[in-house]
Amino acid sequence: MKKPLLFPVIISLSAVAEVPSDTIQFKLKRISDGDTVVTTEDTRVRLWGIDTPERDQRYGSDATAALAEMVNNQQLYLETKDVDRYGRTVGVIYTANGNEVNLEMVCDGHAWWYEYYAPGRPQFKQCQEDAKKNKRGLWAEEEPVAPWDWRRR
């Protein structure tokens, strides 16, 4: 008796998240750097809970490019958290399928979790530890310098 051939079946377990109800849709005008965008209404939006290398810091242009890849040509939604001392809106950006851009930047190794401003976010901590362990993005370097330390130089 012949045994049947078995082929592996790959099933995706990733569910599509939903955009939170307290968000507003916006259109992107430009990206300033890895953690700041400008809307078509000229509102500067600083991504809450993360910090990316500065433009002239090592890996800064990579972080900016990564953000551009995530948000360009996407339907975007903003959950406002605060307004910072520079007058920028501080918030979380979501894509239409519910992906949280801020979290993805940390998970992909393009940003640090800014724990001081976003305490109690275990997802950020877990993503950062995983990116570090797997040497993704800026974590591929031996000793990447956090932007808050770099700015003090």
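The values are calculated or read from the model by the stated rules, or taken from the named source; none is laboratory data. Every value quoted in this text rests on a predicted model; they were computed, and no experiment measured them. Using ideal geometry, Cβ is built from the backbone for each residue, glycine included, and neighbour counts are taken over all protein chains shown.
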- Task: Give the range 116-153 a look and list any residue that's touching a strand residue (DSSP E or B) at 6+ places or on another chain (Cβ under 7 Å) and surrounded by fewer than 16 Cβ atoms within 10 Å (Cβ to Cβ), or say none.
- Result: Lys125, Ala146, Trp148
- Note on the structure: Reported set for the range 108-153 where residues are free of Cβ contacts under 8 Å to residues at least 60 places away in the same chain and at positive phi is Gly109, Gly120, Lys135
- (1) within 22 Å of Glu18 (Cα to Cα); (2) touching a residue at least 60 places away in the same chain (Cβ under 8 Å); (3) surrounded by 16 or more Cβ atoms within 10 Å (Cβ to Cβ) all hold for Gly98 apart from (3)
- under 16 Å from Arg46 (Cβ atoms) and part of a helix (DSSP H, G or I) - does that describe any residue in the range 127-144? no
- Item | Residue list for the range 107-153, filter: within 18 Å of Pro20 (Cβ to Cβ), in contact with a Gly (Cβ under 8 Å, 6 or more places away or on another chain) and not basic (Lys, Arg) | Ala118, Phe124
- Query: Before we move on, is Ser61 at pLDDT 95 or above and surrounded by fewer than 19 Cβ atoms within 10 Å (Cβ to Cβ)?
  - Reply: yes
- Scan the range 54-73 and give yes if some residue there is without any contact (Cβ under 8 Å) to a residue 12 or more places away in the chain and within 12 Å of Asp35 (Cα to Cα), otherwise no. yes
- Task: Select from the range 100-115 the residues that are out of contact with any strand residue (DSSP E or B) (no Cβ under 9 Å at 6 or more places or on another chain) and in a loop (DSSP other than H, G, I, E, B) and list them in ascending order.
- Result: Asp108, Gly109, Glu115
